[in-house]
Structure formats: C-alpha cells, structure tokens
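Here is the structure we will look at.
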Amino acid sequence: MYFISDGIYGFVYYITGYRKKVVMNNLLIAFPDKTEKERVRIAKDFYHNFIDTILEMVKMISISEKELTKRFSSNIETLNALYDTGVNVQLMSGHFFNWELVNFGISKFGKYPFVGVFMPVSNKAFTKIMYDMRGRFGTILIPATEFQFKFHRYVRGRYALGLGADQNPGNIEKAYWVNFFNRLTPFNKGPEKGAKRNKTAIVFTNFYKTKRGYYHTDFKLLTTDPNTYKEGELTRIFAASVENAIKKTPANYLWSHRRWKYAFNEEKHRHLVVA
C-alpha cells in the first residue's frame, strides 16, 4: 500500500501541486525563522503523511482489529483513570495524523463510550462508507449539523467527546482571538463553553506517527473543573498545546487548511482577545 502512496505523493506534490501555496504560506507564518529548504522538507513530509492517512483510511474499512491493535499505542490509562472518578471527558485535539486510528484506539481500549462528530458530505455513498468505518469499532457518531441541538438525544450517561477544536470559527465576530504562532488567531468558543456547561474534564489529545503505519496517542489532562478558569483561558491553553505539539513534529499537522484565513482587526476584535 505504501508503494502506491509514494506514487500518489509524487503525482500530488510535483504535478498537481494540491494546495501547495496554502501549505507553504502556512509554514512561512508558523516557521519564519526556518530556511526555505527546511520548510520545503516539512511540506514534503506533510504530503507523505497526508497521502498515507488517506490510504490508511481506505484500508481501515477491512483491516482486522488485531492488526490495528498492533499499530496503536497510547497512555490510555490516563483516560481510564478519569472514568473511575465518575466525570465525563471532552477530548480536544488539533488536526494531526492519523485521526482515524485514534478513533479506533479510544473505542477499543478506553472505558468511556466514545462520541465523534462528523461532517456529512453531499455524496451520500461516501458519507455512509465513512460512517460505517468509524462506527465499526463502537464510536457513537453525531452529524455536526445536528450536534448543537441533538447531542443529548444521542448520548446519555457517561461519554468521552472527541473534538478537532482547531477548526476555523464560522463567525469570527464571536470567536476567541488567541496567540497562535505569534499571530492573533480566531478559535471557536464552542468547545470551551460546552465543557463548562456540561462540567466535563478536558484532555488534550496529541497523536503522531512513530514509524510508517504505527501511531502513538498522548492524553494530557488539562483540568477536571473547567469552570474555575476565566473566559477564554482554556482556549488559550488548548491553542498553546496544539502549537507545542506541532513544533515537535511539524509535518504531522494538516497544513492544507487555511488556519490563518482571517486577519485580526483591532477595532472590531480587540474585546475578543484572550491574553
């Protein structure tokens, strides 16, 4: 499979140049002190990881649990210890590789019923394939379009909710603006507000490749009482956690999405800044 991945990588990077300008601009913002050669090396490694992840997702439709178990490691005991205390958990992560294997690992080895949020696409057949794959290992899946109003219809009792909390906010006038790679960047208020409303523990989840086809997940407890933090502070801590994880393994992040698509406006957004 990885021979195929290498071939697709060459086509995507050298011939189609899929979102290469976005990737290189993001890397310039994040790593201005690196040389052009160093940023190109990160970009190439990112595209390798990106293509690997796509093909690994396809493989996960039919791969055995035994084989997946061999390829997943974590400090899951951190998460399971929280279960024993009786609190529910909100897992907050950035868009790292390979998120599908993390979905499997938490559902397989965690004590919590794992809840994932997914975005339906217009192609119903593709949506069903992804839904069946992600639900194959026991994950409770909620469409993002229904999440705000129907979460408690899907989930009752204990749960660990997984969120890719570095998405661009739908409305930047209602976002928290925090420092992210030395640039004020908007982050959704939803994850922090949801954790406070539901009184869940917050766990930062970082996952990364240890070697090709093998991944490790680190669970780091941020707090068991989010309501003790002032408004926006937990979002700032989360953004700093994502940034630190990226700096350790720069090619492990989804650089093809425009993380800095919105510009800070002092007049409009200064009251939304979280110091």
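The values are calculated or read from the model by the stated rules, or taken from the named source; none is laboratory data. Keep in mind that this is a model prediction, so the values were computed, not measured. Note: ideal-geometry Cβ built from the backbone for every residue, glycine included; neighbour counts use all protein chains shown.
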Out of all the residues in segment 72-87, is one or more hydrophobic (A, V, I, L, M, F, W, C), modelled with pLDDT of 95 or more, in contact with a Pro (Cβ under 8 Å, 6 or more places away or on another chain) and outside any loop (DSSP other than H, G, I, E, B)? no
Can you name the residue in segment 171-223 that is surrounded by fewer than 18 Cβ atoms within 10 Å (Cβ to Cβ) and polar (S, T, N, Q) and, of all such residues, is nearest to residue 262 (Cα to Cα)? 171
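Would segment 89-104 turn up any residue that is in contact (Cβ under 8 Å) with a residue 40 or more places away in the chain, among the aliphatic types (A, V, I, L, M), surrounded by fewer than 18 Cβ atoms within 10 Å (Cβ to Cβ) and in contact with a helix residue (DSSP H, G or I) (Cβ under 7 Å, 6 or more places away or on another chain)?
Among the residues of segment 89-104, not one is in contact (Cβ under 8 Å) with a residue 40 or more places away in the chain, among the aliphatic types (A, V, I, L, M), surrounded by fewer than 18 Cβ atoms within 10 Å (Cβ to Cβ) and in contact with a helix residue (DSSP H, G or I) (Cβ under 7 Å, 6 or more places away or on another chain), which makes the answer no.
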For residue 206, all conditions in the list (1) outside any strand (DSSP E or B); (2) touching a strand residue (DSSP E or B) at 6+ places or on another chain (Cβ under 7 Å) hold save one; what is the number of the exception? (1)
Residue count, segment 120-169, condition assigned to a loop (DSSP other than H, G, I, E, B), loosely packed, with under 12 Cβ neighbours inside 10 Å, at pLDDT below 85 and not polar (S, T, N, Q), comes to 2
In segment 1-35, how many residues are in contact with a Leu (Cβ under 9 Å, 6 or more places away or on another chain), assigned to a helix (DSSP H, G or I) and not small (Gly, Ala, Ser)? 3
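Please go through segment 18-60 and pick out each residue that is among the polar types (S, T, N, Q) and in contact with a strand residue (DSSP E or B) (Cβ under 8 Å, 6 or more places away or on another chain).
Of everything in segment 18-60, just one residue is among the polar types (S, T, N, Q) and in contact with a strand residue (DSSP E or B) (Cβ under 8 Å, 6 or more places away or on another chain), namely 49.
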